[in-house]
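None of the figures in this text is laboratory data; all of them are computed from the coordinates on show. All values reported here derive from a predicted model rather than from experimental measurement. Cβ coordinates were reconstructed from backbone atoms using ideal geometry, including for glycine residues, and neighbour counts include every protein chain displayed.
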Amino acid sequence: MNTGLLIRDAELDGQVRADVRVTGGTIAEVAPGLTRRPGEPVLDALGGALLPGLCDHHLHLHALAAQAGSVPCGPPAVTGAFALAGALAGATSDEHGWVRGVGYAETVAGDLAADAIDRLHVGRPVRIQHRSGALWMLNSAAVAALGLAGGQHPGIERDRHGAPTGRLWRADDWLRTRLPRSRPPDLGPVGTRLAAFGITSVTDATPDLEAAAIEAVTDALASGAVRQRVRLLGAPIDWRPASTGPVPGPYKIVLADSALPGLDSLIGRIAEPHAHGRPVAVHCVTREALLLLLAAFADVGTLCGDRVEHAALVPAESVPALADLGLRVVTQPGFLAHRGDDFLRDVPEAEHVDLYRCRSLIEAGVPLAPSSDAPYGPLDPWAVIAAAAARRTPAGRTAGPAERLSTAEALAGYLSDPADPGGSPRRIRTGVPADLVLLRVPRAVALSGPSADHVRATVIGGALVWDTGTSR
């Protein structure tokens, strides 16, 4: 039974210090000097900031869980072909004898196809995921095991003779039907990692979720393995959730960079969920994809809650259109800190100002929320907040200095409601769910140097799920 919690001497809104009483999963009282009730647990904040729990508005739960059983194949752990061969040789196979690699970047060993991976590792079937999440690369043993030669998926890359190269583009659903059936990855460690960062709510952005994937999330929530509140973008259009468990978010549509749909086709894809009263969340990375998307929305209209995922390249002339259409953007400035040098190298210099816009979108009135896209981007929200403010690449270059946010603005995006990313930040007040993060330091100190080390405790639904300090 939830016996409640009394949090003493917490800094609220960066200004006042007060006690906060939690009862039945809700904030019941906020006032100085609250009297402790018999048996009531106490958490002494010692003047640390108490914030609403953070929301990661775009990540991938199952991919995060699968990462634990995968071998890193890209920077910073692996930076060359010799190191990649060593990593694959030392990798532990799964129960079916497969090796699963993640995080590959072309700077390691160039464009990988089956013949190139064969030179690095033979014998066991190997599949390596590109760090973008859009591409799988297979060695010859994996190509044969999957029957790729007879596969019909459009994402199967083939050479001029029609033979598969071992590269699979945006074919995760098809790949799952060909791989040996495995147990769903354990989501419990993911929930623990999220709590340690102060994250109390997440939006899973994986498209086209199968029933088994939704069931795994539902079971993890029911068992308490995952305590965060979960929204699913990839739930079927007409999916109806149980009374407890994950809830549907906007419907995920992927605009694949390599095969953009026609305008009429995209209009139809947006109109279908709209007809069910469900907004859409559209994966949109390139300029061409964004222009197509804006044209589609101009025709079909928008629903409250329609959102653009990533918005990696936004031409200046598209910013007013995003605002006029009432769209919101969920983006990932953390990518700049991890692979910004690659962007500056590969994107034409004239378009550098368009990379992961933040400041110009907010100033135009476009609601904007930073997020992780983990495991493809850094999960740590405090690192993302720092990246949004600094916009520094690994080599120390600055990508789009005019697009910097203050750390307070970036934090506000993480404090916005899961149903309203980029909206007004939530506040500590009576009557709201007790999803909270307690920092070791005042808010101003945390914002001057964002770090996960500042997280002292995390409360979800009134329950203390992460505590590195002392409660009594």
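With helices as the sole contributors, the chain gives -8000 deg cm²/dmol at 222 nm; each DSSP H run of n ≥ 4 counts as -39500 (n - 2.57), and the sum is divided by every residue.
Can you list which of the trypsin sites (Lys or Arg not before Pro) found in the stretch 15-124 are DSSP loop residues with at most 14 other C-beta atoms within 10 Å?
On the way: sites: Arg17, Arg21, Arg36, Arg100, Arg119; in loops: Arg36.
Passing both the DSSP loop test and the Cβ count: Arg36.
Above 16 Å, the calculated P(r) of the stretch 6-57 contains 39 percent of its Cα-Cα pairs. All alpha carbon pair distances within the chain were sorted into 20 Å bins beginning at 0; the resulting P(r) in whole percents reads 23, 55, 20, 1.
Ranked from highest to lowest mean number of other Cβ atoms within 10 Å per residue, what is the order of the peptides 148-160, 370-382?
Values: 148-160: 13.8, 370-382: 24.5.
In decreasing order of mean packing, 148-160, 370-382 become 370-382, 148-160.
Here the convex hull built on the C-alpha positions of the stretch 145-280 has a volume of 147 cubic angstrom per residue. Taking max minus min of the alpha-carbon positions on each principal axis, the stretch 338-472 gives extents of 57, 31, 27 Å, largest first.
Taking the Cβ-Cβ separation of Thr468 and Ser132 as r and a Förster radius of 35 Å, what is the calculated FRET efficiency to the nearest 0.05? Using R0 = 35 Å, I get an efficiency of 0.55.
If r is the Cβ-Cβ distance from Ser424 to Arg183 and R0 is 30 Å, what FRET efficiency results, to the nearest 0.05? Write down the numbers at each step before the final one.
Numbers: r = 42 Å, r/R0 = 1.38.
Step by step, r from the Cβ atoms, then E = 0.10.
On the basis of the beta-carbon distance and an R0 of 30 Å, Thr398 and Arg287 show a calculated FRET efficiency of 0.90. Equivalent-ellipsoid semi-axes for the stretch 69-178 (Cα gyration tensor, √(5λ), whole Å, largest first): 21, 15, 13.
So for each of 137-147, 395-405, 448-458 I average, over its residues, the number of other beta carbons within 10 Å; can you give me the resulting order with the highest mean first?
Working: 137-147: 20.8, 395-405: 15.9, 448-458: 18.5.
Listed from highest to lowest mean packing, they are 137-147, 448-458, 395-405.
Potential lengthening of the chain between Ala408 and Ala144 amounts to 89.8 nm, from the contour at 0.36 nm per residue minus the alpha-carbon distance.
Expressed as an acute angle from 0 to 90° and rounded to the nearest 10, what is the orientation of the C-alpha long axis of helix 211-223 relative to the principal long axis of the chain? The helix 211-223 is inclined about 30 degrees to the chain.
For the chain, the antiparallel share of DSSP beta bridges with both residues in that region comes to about 50%. The distance between label points at His352 and Arg36 comes to 5.8 nm (points 7 Å beyond Cα on the Cα→Cβ vector). Note on the stretch 406-472: Cα-Cα pairs beyond 13 Å make up 69% of the total pair count. Take each peptide in 238-244, 225-231, count the other Cβ atoms within 10 Å of every residue, and average; sorted highest first, the result is 225-231, 238-244.
Amide H contacts of Trp466 (H built 1.01 Å from N, in plane; Pro and chain starts excluded): Thr458 sit under 5 Å, all sequence-distant by 5 or more or on other chains. Taking every DSSP beta bridge that has both ends in the stretch 69-178, the antiparallel portion is near 55%.
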